Amino acid sequence: MGDILGGLLYISAFSLVYLKKAYDHCLELGITRKELSNVIKSSLIFSVVPSLSIVVGLFVLIAVLGSVWAWWRLSVIGSLSYETMISSSIAQVLGYASSAEMLESATGRQFGVVMILMSVGMLSGFLILLPFGKKLCKSVDRSAAESGGSTWKNVLSGVFMLVMFSVYIPILLFTDNVQAAVMITGLVIAIGVGVLAKRPGLAWLNNFVMAFSMLGGLVSSLAWVRIFG
Amino acid sequence: MSKAKTETKMDSFQSWAHRWGRVGTLIVLIYMVALPFVVLAAYDSIPSLGEVFNVNTFSILLIYIPVGFSEALSYTPILGCSAYLAFITGNIMNLKLPVAANAMNLTKKQPNTPEGEAIASVAVAVSSLMTVAILTLAAVCASFISPVFELPAVKTASGYLLPALFGSMALGLFASSSSGSKVVKGGIKGVLPVLIIMTVLSLAARLAGYGSVLGGLVGIFIIVMLPIGILTSYVLWKKGKIQVVDKEQKEK
């Protein structure tokens with residue numbers, strides 16, 4: 001327990017140092033305190049709903065791995081989808097019908113296998129990030145310089161995000177009716193809030209378009225599951 | 001070419017973040033890998049090498065290793081120097097990346113610029129602290145609040161976080177690829193082949209009854225599709241089909 005708390009304190013301290021450095025640098029770059037305050041408020045509110053979803057995952061994982069290890073995994077490095085998927089995959093490999101059965105019957109050494117594999121499985125991203133992170137960030141500039149035109153950088157900067165969306169959106173739209181309906185609902189709410197934000201006195205809504213539309217999409221899933229489920 | 005390489009300089013915050021971000025990440029990695037061994041040694045339960053790494057467990061790792069590669073390759077250029085913090089605290093796709101994109105949208109800054117990376121770092125740091133606080137509260141109060149999070153409605157809704165996120169982000173992404181004082185016109189054309197390939201694949205998988213399998217392969221798809229998207233965008237930019245114009249010019 002002490003080890004876990006130490007790790008979480010380190011992560012919190014690291015985040016605070018990053019925040020202080022980035023905040024001060026934003027001011028140096030001419031970003032106003034008001035803009036920064038809006039970003040912080042919006043980020044805090046936007047983070048609540050996904051964090052609550054992670055809490056749901058935490059309770060699922062607690063049933064599989066116990067509270068301390070689940071808390072650690074979801075606070076540091078891990079992701080909700082990865083942790084839940086890999087723990088159930090390992091349970092199957094170890095010969096259990098479900099994660100819950102593994103919690104009841106697994107030996108200490110089998111839990112050891114789960115803990116080690118969960119830790120090792122996430123390392124691959126860091127094998128790229130640590131040695132090549134800086135190069136990857138500079139690659140956009142370099143590509144622009146090599147192609148002899150600075151405007152290529154503007155195009156390339158957006159391509160990574162567009163490709164990610166172009167991979168995810170067809171999968172979400174065409175493989176499952178409920179997923180498709182939830183996504184479209186979120187989009188419609190985003191458009192609605194965006195239109196409302198253009199009215200006098202409602203410009204503050206711009207800071208919360210994503211938060212409101214995501215929340216609306218999530219709530220709508222209950223109706224869509226009934227209709228399509 | 002070597003001259004071009006030397007022209008890509010970073011500002012003071014970017015240099016700081018790359019230096020200390022790496023150090024901080026390395027410390028977390030060592031801690032994270034060592035922790036299971038410390039805990040297991042205390043209970044005299046360290047498994048043998050053969051128990052951990054065998055054909056069955058290796059097949060699991062083979063699925064997750066490409067996902068890690070894909071995340072690093074596709075998310076790092078978007079997150080910039082905030083990537084270290086985002087990777088350490090995890091939940092990138094469902095939390096850190098949207099938060100960073102939202103912050104850049106709000107302040108009208110673009111990725112890969114000193115301003116964009118600094119504002120993304122503020123957002124990722126705030127979000128990380130918020131998540132740690134909420135998870136800590138949830139873990140401490142687990143016995144009191146678990147009934148709420150175990151309600152069927154809450155469980156159902158939380159399973160649809162990703163589509164809800166994409167719905168909320170799609171508008172900002174496709175409606176405007178504005179980046180600071182510049183606007184990219186026709187950027188979506190560069191990823192049309194990706195959209196078409198993924199649509200055909202998704203429909204085929206659904207018809208074959210394997211629709212749910214595709215979600216687990218997203219990491220591999222992104223690795224394969226990135227070069228296609230970049231190459232198509234480059235060709236179309238060269239031909240003038242994708243243009244970068246001043247914002248004022250676009251608004252006229």
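Membrane-span-like helices in chain A (whole DSSP H runs, Cα extent of at least 18 Å along the helix axis, mean Kyte-Doolittle hydropathy of at least 1.0): A:33-65, A:108-121, A:151-174, A:177-196, A:209-228.
Taking 0.692 mPa s as the viscosity and 37 °C as the temperature, the Stokes-Einstein diffusion coefficient of chain B based on its alpha-carbon Kirkwood radius rounds to 152 µm²/s. For region B:1-150, the normalised intensity computed at q = 0.11, 0.13, 0.14 Å⁻¹ comes to -0.62, -0.82, -0.91 (log10 of I(q)/I(0), Debye sum over alpha carbons, equal scatterers, no solvent). When Rg and the Kirkwood Rh are both derived from Cα coordinates, the Rg/Rh ratio for region B:178-251 amounts to 1.13. Taken about its Cα centre, region B:103-236 carries a charge dipole of about 380 debye when Lys and Arg each add +1 at the Cβ and Asp and Glu each add -1 at the Cβ. Helix B:218-238 and the longest principal axis of the Cα set of chain B meet at an angle near 10°.
Residues whose amide H falls under 5 Å from that of B:Val244, counting only those 5 or more places apart or on a different chain, are B:Lys185, with hydrogens built in the peptide plane. When only alpha carbons of chain A are considered, Rg and Dmax amount to 21.7, 64 Å. Rounded to the nearest 10 degrees, what's the angle between the helix B:55-79 long axis and the longest principal axis of chain B, both from Cα atoms, 0 to 90? Between helix and principal axis, roughly 40 degrees. Taking chymotrypsin sites (Phe, Trp or Tyr not before Pro) across region B:1-105, the ones in a DSSP loop with at most 12 further Cβ atoms lying within 10 angstrom of their Cβ are B:Tyr43.
Projection of the Cα convex hull of the protein assembly as shown, averaged over all directions and equal to a quarter of that hull's surface, yields 23.3 nm².
For the pair B:Leu231 and B:Leu137 in one chain, pulling the backbone fully straight at 0.36 nm per residue adds 29.2 nm over the alpha carbon distance. Think of each Lys and Arg Cβ as +1 and each Asp and Glu Cβ as -1; about the Cα centre, that makes the dipole of chain B roughly 1180 debye.
Put a dot 7 Å past the Cα of A:Tyr10, heading toward its Cβ, do the same for A:Leu29, and the two dots end up 2.9 nm apart.
For chain B, the longest principal axis of the C-alpha atoms and the axis of helix B:192-207 are separated by about 40°.
A short reminder: the numbers here are calculations on the coordinates, not readings from a lab. What you see is a predicted model; the values in this text were computed from it and never measured. Every residue, glycine among them, receives a Cβ derived from its backbone with ideal geometry; neighbour counts consider all protein chains shown.
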